[in-house]
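Beneath this line is the structure, given in structure tokens, with notes to follow.
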Amino acid sequence: NAGVTQTPKFRILKIGQSMTLQCTQDMNHNYMYWYRQDPGMGLKLIYYSVGAGITDKGEVPNGYNVSRSTTEDFPLRLELAAPSQTSVYFCASSGQGLDYGYTFGSGTRLTVV
Amino acid sequence: GQSLEQPSEVTAVEGAIVQINCTYQTSGFYGLSWYQQHDGGAPTFLSYNALDGLEETGRFSSFLSRSDSYGYLLLQELQMKDSASYFCAVNRDDKIIFGKGTRLHILP
């Protein structure tokens, strides 16, 4: 099993550009999440999904959009990138309930210049 | 609102025991989780406490007191590979909210 796969691993964007961060999991997990982590800080929840076709905002959703058309995929869209979106983005999933914890992807390091 | 408080840094000696505390204020609390993150890596799940008391997993133990809104992670027989950041996180509704993390430095 690959677990949670994120692409790309690194990306540099210019201000105002857009991009999609890809996340896919092969564990048939219903719950999927996007977090961002700024240097030396904790993880902030951007968006999450409890199943295909269902998404909801987290703590810091502004400037981002998500979709969940399949159980496996949960892409994160950045529109009009800003320097404040420079961060490391982690996708995570959970299957049997949160007491079993999340499985995280390896992250995407995004720099907006 | 919700908040989690944990020390920003802790230093301990190899082979010793260290405790990382976490206090929280949140509504809709289901339980407290702990995650480990090495530099440049992704967080990995360590433990989860839904009920009061101590949960033990090898060298790591986690404790929760719901009445005190307090928990801790206990690491025994510290090894250099335990140098990492440790995050407490509250499980609420369908999601997990993370604290800012405690960086654990281990001295030889």
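The values are calculated or read from the model by the stated rules, or taken from the named source; none is laboratory data. Just so it is clear, the structure is predicted and the values come from calculations on it, not from any experiment. Cβ coordinates were reconstructed from backbone atoms using ideal geometry, including for glycine residues, and neighbour counts include every protein chain displayed. Note: accessible area is taken over every heavy atom of the protein model, side chains too, but ligands, DNA and RNA are not part of it. Shrake-Rupley method; radii C 1.70, N 1.55, O 1.52, S 1.80 Å.
Output yes when any residue across the range A:77-90 is in contact with a Cys (Cβ under 7 Å, 6 or more places away or on another chain) and within 14 Å of chain B (Cβ to nearest Cβ), and no when none is. No; the residues of the range A:77-90 include none that is in contact with a Cys (Cβ under 7 Å, 6 or more places away or on another chain) and within 14 Å of chain B (Cβ to nearest Cβ). Based on what the data block shows, is B:Leu4 at pLDDT 95 or above, part of a strand (DSSP E or B) and either within 13 Å of chain A (Cβ to nearest Cβ) or open to solvent by 70 Å² or more (accessible area, probe 1.4 Å) (or both)? No; evaluated as a whole, the condition is false for this residue.
Return the only residue of A:Gly105, A:Gly97 being within 11 Å of another protein chain (Cβ to nearest Cβ) and modelled with pLDDT under 95.
On the way: A:Gly105 fails: modelled with pLDDT under 95.
None of the other options fit; the residue is A:Gly97.
Taking the numbered list (1) on the phi < 0 side of the Ramachandran plot; (2) part of a loop (DSSP other than H, G, I, E, B) in turn, B:Leu32 passes all entries but (2). From the list A:Gly95, A:Gly101, the one residue that fits, being without any contact (Cβ under 8 Å) to a residue 40 or more places away in the chain and more than 15 Å from the chain's Cα centre (by Cα), is A:Gly101.
No other residue among A:Lys9, A:Lys44, A:Lys57 is without any contact (Cβ under 8 Å) to a residue 12 or more places away in the chain and either small (Gly, Ala, Ser) or within 14 Å of chain B (Cβ to nearest Cβ) (or both) apart from A:Lys57.
Listed here are the residues, each with its yes/no results for (1) surrounded by 14 or more Cβ atoms within 10 Å (Cβ to Cβ); (2) modelled with pLDDT under 95; (3) out of contact with any Leu (no Cβ under 7 Å at 6 or more places or on another chain); (4) not in a loop (DSSP other than H, G, I, E, B).
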position	(1), (2), (3), (4)
B:Gln36	yes, no, no, yes
B:Gly71	yes, no, no, yes
B:Lys81	no, no, yes, yes
B:Cys88	yes, no, no, yes
B:Asn91	yes, yes, no, yes
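Checking each residue in the range B:39-56 for being within 12 Å of another protein chain (Cβ to nearest Cβ) and open to solvent by less than 80 Å² (accessible area, probe 1.4 Å) picks out B:Gly40, B:Gly41, B:Ala42, B:Pro43, B:Thr44, B:Phe45, B:Leu46, B:Ser47, B:Tyr48, B:Asn49, B:Ala50.
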